[in-house]
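S.K.: Here's a structure for you.
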Amino acid sequence: MTVPTVWYAHVVLSFTPPGRLTDSENRPYFLWDCGLTLDEFRKGLEDPDPEVRAYLIGKLMRQAKPDDVFLFVRPREIRALWPSLTRYLGRTREFWSWLFETWEGQGRVWR
């Protein structure tokens, strides 16, 4: 199985291969502290409650490889929920703030 190569802002992202993204019970590596499957996680990302989406996206951004975040959400979704999700970023908040500020300064963000 090949992993899709996605161009974002003229940079190739390096996603975790599908066979390594989940364990034998279909739980993503970044949800090590809860029992959600990948399908349940994806369904949660579509929840009508923006607070639920902010929590899950914040958890994703905090615990997954940065490139893998963009397998699940687009920067514009992050931007829309930014005020709500920053409290869930923990120690990664500075990194994500820096990344989006840098991209924004280059005219590359929020697509």
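S.K.: Which of the residues belonging to the range 48-61 are closer than 21 Å to W96 by Cβ and either without any contact (Cβ under 8 Å) to a residue 12 or more places away in the chain or within 13 Å of the chain's Cα centre (by Cα) (or both)?
M.R.: The answer is V52, R53, A54, Y55, L56, I57, G58, K59, L60, M61.
S.K.: Just to check your reading of the model, which residue among T92, T102 is at pLDDT 95 or above and out of contact with any Asp or Glu (no Cβ under 9 Å at 6 or more places or on another chain)?
M.R.: T92
Residue-wise test of (1) over 22 Å from P28 (Cα atoms); (2) in a helix (DSSP H, G or I).
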| position | (1), (2) |
| --- | --- |
| M61 | no, yes |
| V69 | no, yes |
| S84 | yes, yes |
| R91 | no, yes |
| W103 | yes, yes |
| G107 | yes, no |
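S.K.: Run down L45, L81, L71, L56 and say which single residue is more than 22 Å from L13 (Cα to Cα) and aliphatic (A, V, I, L, M).
M.R.: Sole residue among the options that is more than 22 Å from L13 (Cα to Cα) and aliphatic (A, V, I, L, M): L81.
S.K.: Consider V3 carefully, then state whether it is at pLDDT 95 or above and among the hydrophobic types (A, V, I, L, M, F, W, C). Lay out the reasoning, then the answer.
M.R.: Details: at pLDDT 95 or above: no; among the hydrophobic types (A, V, I, L, M, F, W, C): yes.
So V3 fails the test.
The values are calculated or read from the model by the stated rules, or taken from the named source; none is laboratory data. A quick note: this is a predicted structure, and the numbers were derived from the prediction, not measured. Neighbour counts run over all protein chains shown; Cβ positions are idealised from the backbone, glycine included.
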